[in-house]
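Derivation of every value follows stated rules applied to the coordinates shown; laboratory data play no part. Since we're looking at a predicted model, the values are computed, not measured. Ideal geometry is used to build each Cβ from the backbone, glycine not excepted, and the neighbour counts take in all protein chains shown.
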Amino acid sequence: MNAVLRPGHVQLRVLDLEESVHFYREVLGLVESGRDAQGRVYMKTWAERDHSSVIMREAPTPGLDALAFKVRSPAALAQLEASLQAAGVSCTRIAAGDLLATGERVQFRLPSGHVIELYAHKDAASTGAALIDPPLWDADSEQGIAVQRLDHCVLYGPALDEVRDLFTGTLGFFLTERALAQDGVADFGVWLSTSSRPCDIVLVRHVDAGKLHHVSFRVGSTEQVLKAADCFSMARMQIDAGPFRDPATGRFSVQAFDPSGIRIEVFFSSHDAYPDQAPITWRWKKGGAAMTLRDQRTRDRLFPDLT
Ligand code: FE
């Protein structure tokens, strides 16, 4: 197992904090796990064992403040920090406790403009599934879409090659899929994994720095993706795409906008990823699409609304 374990939390800027908390709790089914002196709200899925996976603050423009990955240990954190600095990436240490229940974080900015953080410790959750004789589910676990866990983010920005190489070379990720640009050589998008999942982060080439396409949550079946579409619709949230089958990573997915216009994905995939497997390549198709959907329509929006 790699030193970087998984995406641990996203820090989001939202337009109206209470409206967002309502959406993430009632529609997605997250549980509120804390609020801090700065007014930030911490949430998690019912099943996640750590304190928080979604941290929100109110701001005039919506978007991603940071994507944080949990690493195996404090020693792994120090090792990764040293490796990043050796690769020319300047890192900042943020004190333990700056985020509720979260240990020291190592923060750095990708050449794509995104802020990434690494941390080794987060307190165990006091809400959600019990660890001793846990029930399979209960009323709290079945709220709304009832997402199981934060899965990945899709980020748009420049300097894709450098960012890809930083993840694969320094952070120990491996490439699972790639979509080629129009020249048939350069990468237009890359799917990177640090686990057995098809992607823990996806990066897409884009002229503007630091953009977020979506934050993704996993559910346990394709039926639950259909239910997610129902829940988005019943909550009057705008569905952006799906439910659809995406050839890349084999996801069955639905994407909708949260109250701030941040795109949220709910998906199910049974695909696995292993570091010894060669990556899948998606060739550029007519109309500028990076891949075709199952019905052979090309994707018509390569640069959709981003936050
Ligand atoms: Fe996704």
Give me the percent relative contact order of segment 1-103, please, defined on Cα pairs under 8 angstrom at least 6 residues apart.
34 percent
In whole Å, largest first, what are the principal axis extents of the Cα atoms in the chain?
50, 48, 41
Can you pull the one-decimal nm distance between simple spin-label points at Asp36 and Gln182, each 7 Å off the Cα toward Cβ?
4.4 nm
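Only bridges whose two residues both fall in segment 5-101 count here: according to DSSP, what percent of them are antiparallel, nearest 5?
Details: 14 of 19 bridges.
Bridges in segment 5-101 are about 75 percent antiparallel.
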Which length gain, in nm to one decimal place, applies between Ser83 and Leu136 when the Cα-Cα distance is subtracted from 0.36 nm times their residue separation?
15.0 nm
Sort out for me the Cα centre separation of segment 5-28 from segment 174-216, rounded to whole Å.
23 Å
Counting pairs of alpha carbon atoms under 8 Å apart in space and at least six apart in sequence, what relative contact order in percent does the chain give?
18 percent
Taking every DSSP beta bridge with both residues inside segment 123-243, roughly what % is antiparallel (nearest 5)?
75 percent
Isotropically averaged projected area of segment 85-167, using the convex hull of Cα atoms (one quarter of hull area), nm²
8.0 nm²
Could you tell me which of Leu192, Leu12, His22 has its Cα farthest along the dipole of the chain towards the positive end, charges placed at Cβ (Lys, Arg +1; Asp, Glu -1), taken about the Cα centre?
Leu192
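For segment 24-71, what's the relative contact order in percent, using C-alpha pairs closer than 8 Å and at least 6 residues apart? Please report the intermediate quantities before stating the final value.
Working: 52 pairs, mean separation 11.6, N = 48.
Across segment 24-71, relative contact order equals 24 percent.
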Give me the tail of P(r) for segment 15-160 as a percent: Cα-Cα pairs with distance above 20 Å.
54 percent
Multiply the residue gap between Ser233 and Tyr274 by 0.36 nm, knock off their C-alpha separation, and tell me the result in nm, one decimal place.
11.1 nm
Between Arg25 and Arg245, Cβ-based FRET efficiency (R0 25 Å, step 0.05) works out to 0.30
Quote the FRET efficiency, to the nearest 0.05, computed for Asp123 versus Thr168 with a Förster distance R0 of 25 Å and r equal to the Cβ-Cβ distance.
0.20
Show me 244-254, 41-51 ranked by packing, highest mean number of other Cβ atoms within 10 Å first.
41-51, 244-254
25 Å Cα-Cα threshold exceeded, pairs from Lys44/Lys211; Lys70/Lys285; Lys44/Lys227; Lys227/Lys285:
Lys70/Lys285; Lys227/Lys285
What 222 nm value per residue comes from the helices of the chain, counting each DSSP H run with n ≥ 4 as -39,500 (n - 2.57) and dividing by all residues, nearest 500 deg cm²/dmol?
-4000 deg cm²/dmol
Write down the percent of antiparallel bridges among all DSSP beta bridges whose residues are both part of the chain, to the nearest 5.
70 percent
